[in-house]
Amino acid sequence: MIDVLIIGSGFGGLGAAIRLKAAGIDDIVILERFGKVGGTWRDNTYPGAACDIPSNLYSYSFAPNPNWSRAYSGSQEILGYVHHLVERYALAPLIRFNHTVVDARFDEPAAQWVVTTAEGAVFHARHVIMASGGLANPSFPAINGLDSFTGHKIHSARWDHDYDFTGKRVAVVGTGASAVQLIPELVKVADKVTVFQRTPGWVLPRMDYRAPGWNKRLFKLLPPVQNALRRALYWGHESMAFSFIWNTPMTRLVERLSTAFLHQQVKDKWLRRQLTPDFTIGCKRVLMTSTYYPALQQPNCKLITWPIATVAPQGIRTAEGIEHQVDCIVFATGFEVSKAGTPFKITGIGGRVLAEEWARGAQAYKSVNISGYPNLSMILGPNSGPGHNSALVYMESQIGYIVNTIATARREGWRSVDVKPEVQAAYNVSIQRRLAKTNWNSGCKSWYLTDAGFNATMYPGFATQYARQMADFKAAHYRVESLS
Ligand SMILES: Cc1cc2nc3c(=O)[nH]c(=O)nc-3n(C[C@H](O)[C@H](O)[C@H](O)COP(=O)(O)OP(=O)(O)OC[C@H]3O[C@@H](n4cnc5c(N)ncnc54)[C@H](O)[C@@H]3O)c2cc1C
């Protein structure tokens, strides 16, 4: 039996392994469905792919990288950082590639998880950490005629690097965070780019810059300087919670800034109108880009705001009856976000099935534990999504909590540790009450909410509040069973 089984080798799974090892727990196996590590940054290799939180904050605090080449690094550089983590912390021997978890079942008498993969392997583990990613499975829109298209189809998260866009007529469906990064790059090479927009998002300029050599040397020589920059970036992003999470005078101010940016970059009144959002900033993900609006105004780019009626063999037909003929459709349509159900079958105490309990929306205790599923922890689980700060800040505090729980269980001789149902219920009542007052729940349609409007994804507070609650493990909140 393995001590800790980790599912997924993205930032979450690898970060958990690093911290477990540091706590002296090294009987670890990491299962990864694909042949390489990196999760998000292995999969999102579309042109222009980059983080939209500065790299000095979108990295682990325990593994600073003085060599970031830009303020906002590209996906390949972030992937390089992930590979560096694997090497520096000697994680390679722990990883089993090409193992897709399809089932996890808690064996009550043995107090262990039995995890099965699609390839037929079975693993027994005392503790399981699910780090399979909230944005790991690409989603295609439910559009009529999708299969009838005879041209090329590409999803932003599964880029086809063999396809040559030179001279091609390309349609981009979606105008979210990935679309605004890839459209400026496509416009440079394609003959024509037609962008299909459902809802315009709020856009803020991205203060990107190339890091000068002296900057890297300084960070290497004096790590506290880089740490000070990280702290400044952290508090700068924390202050954005006043604009993005809650509707405050700061929200109006940032909306005005965004509108001024639109006016500065787009002179055409009609185009500006088409690009003006009709919801409160923060309700959907805010787009950080200085190159999107200019790209839309290139002579070979056209924005279409009519709803798509159907995909036809030669292109896309919109509701007013015009068919836009294209050679390739790029779907920048996001991911199947884990808001309800589970990515694979998870069976807990007494045969309870998590997908059934989560059918109307996922819930957990502090995002990491679920009552009735002992010794199971999640990274970026329900209600841990940030709208204003680095996901890695949240992840780091979750990892700290999980390692603390497992280390306590080992020290105290607990064979199982399961959060009490009433503790989880009270936590979620409070979370949902607080969410009701946020911009996410203010009426727009976004991937944060289920179709019924339940918010199972976002944390309604500052990253600092989140981290503070994660620093505090209360054994009294759990039912524990000791080894006899
Ligand atoms: C394009 C893009 C840009 C982003 N930019 C930012 C940003 O700037 N700032 C920010 O804070 N966040 C950003 N995010 C969010 C990002 O997803 C997280 O920051 C972080 O990378 C998630 O890490 P993870 O380890 O939880 O999940 P992932 O990186 O998704 O890793 C999950 C891993 O689990 C594996 N896996 C999944 N299912 C199974 C299974 N059944 N069996 C075995 N293995 C499995 C996957 O193959 C993958 O390797 C971005 C996301 C995307 C898609």
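Mind listing whichever residues of the stretch 7-54 are in a loop (DSSP other than H, G, I, E, B), more than 22 Å from residue 104 (Cα to Cα) and out of contact with any strand residue (DSSP E or B) (no Cβ under 7 Å at 6 or more places or on another chain)?
Result: 23, 24, 36, 38, 44, 45, 46, 47, 48, 51, 53, 54.
Restricting to the stretch 334-347, and then to whatever is in a loop (DSSP other than H, G, I, E, B) and touching a Ser or Thr at 6+ places or on another chain (Cβ under 6 Å), can you tell me which residue is nearest to residue 190 (Cα to Cα)?
The qualifying residue nearest to residue 190 (Cα to Cα) is 334.
For residue 137, work out the one condition from (1) closer than 30 Å to residue 294 by Cβ; (2) at pLDDT below 95 it doesn't fulfil.
Of everything listed in (1) closer than 30 Å to residue 294 by Cβ; (2) at pLDDT below 95, residue 137 misses just condition (1).
Just to be sure before I move on: is residue 409 more than 16 Å from the ligand (Cβ to nearest atom), more than 24 Å from the chain's Cα centre (by Cα), over 20 Å from residue 14 (Cβ atoms) and free of Cβ contacts under 8 Å to residues at least 24 places away in the same chain in the structure I sent?
Criteria not met by residue 409.
Name the single residue that is farthest from the ligand (Cβ to nearest atom) among those in the stretch 393-406 being within 18 Å of residue 21 (Cβ to Cβ) and within 15 Å of the chain's Cα centre (by Cα).
That would be 396.
Quickly run through the stretch 248-287 and pick out the residues that are of a type in the set (S, T, N, Q) and surrounded by fewer than 18 Cβ atoms within 10 Å (Cβ to Cβ).
Passing the criteria: 248, 259, 264, 274, 276.
Checking residue 339 against (1) at pLDDT below 95; (2) within 16 Å of the ligand (Cβ to nearest atom); (3) over 30 Å from residue 108 (Cα atoms): exactly one of these is not met. Which one?
Going through the list (1) at pLDDT below 95; (2) within 16 Å of the ligand (Cβ to nearest atom); (3) over 30 Å from residue 108 (Cα atoms), residue 339 breaks only (3).
Might you let me know whether the stretch 147-161 holds any residue that is within 29 Å of residue 233 (Cβ to Cβ), within 16 Å of the ligand (Cβ to nearest atom) and in contact with a helix residue (DSSP H, G or I) (Cβ under 8 Å, 6 or more places away or on another chain)?
Checking the stretch 147-161: at least one residue is within 29 Å of residue 233 (Cβ to Cβ), within 16 Å of the ligand (Cβ to nearest atom) and in contact with a helix residue (DSSP H, G or I) (Cβ under 8 Å, 6 or more places away or on another chain).
Out of all the residues in the stretch 375-391, which are under 16 Å from the mean Cα position of the chain (by Cα) and within 24 Å of residue 341 (Cα to Cα)?
Once the filter is applied, which keeps residues that are under 16 Å from the mean Cα position of the chain (by Cα) and within 24 Å of residue 341 (Cα to Cα), the stretch 375-391 yields 378, 379, 380, 381, 382, 383, 384, 385, 386, 387, 391.
Considering 403, 423, 429, 417, which residue is outside any helix (DSSP H, G or I) and not aromatic (Phe, Trp, Tyr)?
Every option except 417 fails the conditions.
Can you say whether residue 330 is at pLDDT below 95, crowded, with 16+ Cβ neighbours inside 10 Å and within 16 Å of the ligand (Cβ to nearest atom), as far as the supplied structure shows?
Against the criterion (at pLDDT below 95, crowded, with 16+ Cβ neighbours inside 10 Å and within 16 Å of the ligand (Cβ to nearest atom)), residue 330 does not qualify.
Quick check: is even one residue across the stretch 380-389 within 15 Å of the ligand (Cβ to nearest atom), more than 24 Å from residue 113 (Cα to Cα), buried (at least 20 other Cβ atoms within 10 Å of the Cβ) and among the aliphatic types (A, V, I, L, M)?
Within the stretch 380-389, none of the residues are within 15 Å of the ligand (Cβ to nearest atom), more than 24 Å from residue 113 (Cα to Cα), buried (at least 20 other Cβ atoms within 10 Å of the Cβ) and among the aliphatic types (A, V, I, L, M).
Pick from 371, 384, 367, 390: which is in contact with a Pro (Cβ under 6 Å, 6 or more places away or on another chain), closer than 17 Å to residue 466 by Cβ and assigned by TED's automatic domain parsing to the domain that holds residue 16?
Every option except 367 fails the conditions.
Results for (1) touching a Ser or Thr at 6+ places or on another chain (Cβ under 8 Å); (2) more than 8 Å from the ligand (Cβ to nearest atom); (3) among the aliphatic types (A, V, I, L, M), shown as yes or no for each residue.
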site	(1), (2), (3)
8	yes, no, no
16	no, yes, yes
44	yes, no, no
51	yes, no, no
62	no, yes, no
70	yes, yes, no
88	no, yes, no
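Within the stretch 425-453, count every residue that is over 18 Å from the mean Cα position of the chain (by Cα) and within 28 Å of residue 400 (Cα to Cα).
Matching residues across the stretch 425-453 total 12.
Filter the stretch 103-136 for residues that are near the ligand (Cβ under 9 Å from one of its atoms) and exposed (fewer than 15 other Cβ atoms within 10 Å of the Cβ) and give the result.
Once the filter is applied, which keeps residues that are near the ligand (Cβ under 9 Å from one of its atoms) and exposed (fewer than 15 other Cβ atoms within 10 Å of the Cβ), the stretch 103-136 yields only 118.
The values are calculated or read from the model by the stated rules, or taken from the named source; none is laboratory data. This one's a predicted model, so the numbers in the text were calculated from it and none came from an experiment. Cβ coordinates were reconstructed from backbone atoms using ideal geometry, including for glycine residues, and neighbour counts include every protein chain displayed.
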